[in-house]
Amino acid sequence: MLADGTPLAGRVLVVEDDADLCEVMVGALVSDGHSVVAAADGHAALDALAAEPFDLVLLDLALGPGPDGVEVCRRLRAAGDGAHVVAVTARGGEADTVLVLEAGADDYVTKPVGIAELRSRVRAALRRVQRSAAPARPLLELGALRVDADARRAEFAGAELPLTFSEFEILRSLLAAEGRLLSRQALLDAIFGGHAFRDPRAIDVHVHHLRDKISAAGGDGAVIVTVRGAGYRIDR
């Protein structure tokens, strides 16, 4: 439920080339009150993303023919789309996990995925998006680095940083902590609201991307300090 008591619902794009699985996923999400669009391949997914905004994209990686899920995610991020992306993959190794996150996904699930878990993931992601719309501290700054949580905008020296949902939430959390150490679990909680089924390794990949983007804008990515075995903090 949202703060005003109305059901939590969002615009969800399901990208899945297995027709039977897609039907089950769409049916479950529609029954939860979400507005759902289905795409059977990468081309259809890109067309849908160009046509309208989505709060959440459930993206199968093994699409074919045409662009696979990794390519769809890369193009989505290159276009500046900030939708929350959950990759759905049959791959489960560490290298494949990194590949998924490197492409710009916020999270991932591995097949076979239970429908109850999938529905829970969607609810948690949308709840986090809704909760982040009314932050306690809307404006955070450190030198030339600035985060405006009301506008969902991060800048360095006035130039916008093109951050994903997860990267934005990590940066906002670290700035709000004012130099205090945040564990990987604390950062997972900041992104996903304490929901289970999360891999702490994902935080390392998101932080790597965040540092690269700060550096590319002319800043010092090392402002995000790794405390080995413990987590991360902002160097003030």
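No lab work stands behind these numbers, since they all come straight from the coordinates. Predicted model, so just to flag it, every value in this text is computed and none were measured. No Cβ is skipped: glycine too gets one built from the backbone with ideal geometry, and neighbour counts run over all protein chains shown.
Values computed for the structure shown
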| item | result |
| --- | --- |
| Using θ = phi - 60° and Karplus 6.51 cos²θ - 1.76 cosθ + 1.60, couplings along region 227-236 (whole Hz; Gly, Pro as x) | 9, 3, x, 10, x, 9, 8, 8, 7, 9 |
| Cα-based radius of gyration of the chain once divided by 2.2 N^0.38 Å, which approximates compact folds | 0.99 |
| Inter-site label distance for residue 102 and residue 78 at 7 Å from Cα along Cβ, in nm | 1.6 |
| The chain, dipole about Cα centre (Lys/Arg Cβ +1, Asp/Glu Cβ -1), debye to the nearest 20 | 980 |
| Translational diffusion coefficient (Stokes-Einstein; Kirkwood radius from C-alpha pairs) of region 139-234 at 25 °C, 0.890 mPa s, in µm²/s | 185 |
| Amide H partners (placed H, <5 Å) of residue 231, local residues excluded | none |
| Residue 88 long-range amide H proximity, modeled H, under 5 Å | 59, 60, 61, 109 |
| Coordinate range along principal axes, alpha carbons of region 11-131, Å, largest first | 32, 31, 30 |
| Computed [θ] at 222 nm, helices only, for the chain once each DSSP H run of length n ≥ 4 contributes -39500 (n - 2.57) | -13000 deg cm²/dmol |
| The chain: DSSP helices with Cα axial extent of at least 15 Å and average Kyte-Doolittle hydropathy no lower than -0.5 | 19-31, 165-177, 201-216 |
| Cα-centre dipole for region 40-121 with unit charges at Cβ (Lys and Arg positive, Asp and Glu negative), debye to 20 | 100 |
